[in-house]
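To start, the structure under review is shown below, and the notes come after it.
The values are calculated or read from the model by the stated rules, or taken from the named source; none is laboratory data. As the structure is a prediction and not an experimental result, all values here were calculated from the model. All Cβ positions, glycine included, derive from the backbone under ideal geometry; neighbour counts span all protein chains shown. Quick note on the areas: whole protein, heavy atoms, side chains included, nothing else; ligands and nucleic acids left out. Shrake-Rupley method; radii C 1.70, N 1.55, O 1.52, S 1.80 Å.
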Amino acid sequence: LQAAFVIILFLLIFGRTLSCSTDYEGSAVKEIPAGPPPLAVGATGKVDDKNYRITAHAVVEIAEVGAKWERHEYQLMDDYGTKALLVCGNKPDASDWIFFEPFSPMLAPTAQQLAAKKIGEVVELDGYTGKVSEILRSTVEQTDGGELGDLKDRTVSYGFGSVNEHRTLLARWNDAGIQFFRGRTMPAKKLEGVFKTTPAAQPGN
């Protein structure tokens with residue numbers, strides 16, 4: 001009887017923490033904030049001998065397996081109305097930014113084909129060859145700018161990134177369609193020095 005009492009008491013005290021199941025609730029992923037915006041909407045600058053103006057800015061949440069952080073993305077427009085995308089840091093600790101230009105592949109894959117890609121799988125698209133380095137979900141959390149274009153509040157997209165020796169490929173898709181970008185890394189300090197905010201005109205000038 002004493003032995004039975006001890007066993008019952010043991011189960012009452014510790015039984016809730018004992019389980020044969022190997023399924024445990026994962027710890028919450030800590031989100032790393034983006035910090036203050038490094039550039040201002042309306043700033044102008046020259047990249048590759050092209051004049052660009054920043055037309056929109058967004059704080060975008062990037063979610064990967066086991067990681068979540070925010071980053072700044074800027075929509076640029078040149079003198080001919082062609083858009084570009086400036087991503088301020090592909091990772092939270094990245095010291096380089098990525099300057100992306102959109103393109104339309106000759107034989108564009110479908111969203112289902114893109115979604116089937118896995119980390120390490122080879123991507124071949126319009127002369128680009130590289131391996132999938134990240135699979136992500138992006139959510140536009142906050143925007144500012146008069147010409148938002150694709151950067152709209154609460155827009156959710158799925159995508160992947162790929163990197164080779166020379167270029168970075170970004171593919172993003174949602175119900176509105178698929179976007180493809182080719183880009184290259186550039187020093188953040190260089191781009192911060194390129195884009196200058198035009199002083200506001202003073203009354204009477």
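Things to note:
- Accessible surface of region 39-107, 1.4 Å probe, proportion on carbon and sulfur as whole %: 49
- Applying both filters, DSSP loop and at most 12 other Cβ atoms within 10 Å, to the trypsin sites (Lys or Arg not before Pro) of region 27-112 gives K30.
- Averaged per residue, region 90-203 has 61 square angstrom of accessible surface, using a 1.4 angstrom probe with ligands and nucleic acids left out.
- Taken over the Cα atoms of region 92-197, the convex hull encloses 134 Å³ per residue.
- In region 115-170, the portion of solvent-accessible area held by carbon and sulfur atoms comes to 47 percent [1.4 Å probe, whole percent, DNA, RNA and ligands not counted].
- With Rh defined as the Kirkwood radius, the inverse of the mean 1/r over Cα pairs, the Rg/Rh of region 54-93 is 1.10.
- At R0 = 22 Å, FRET efficiency that the Cβ-Cβ distance of I32 and M186 yields, to 0.05: 0.50
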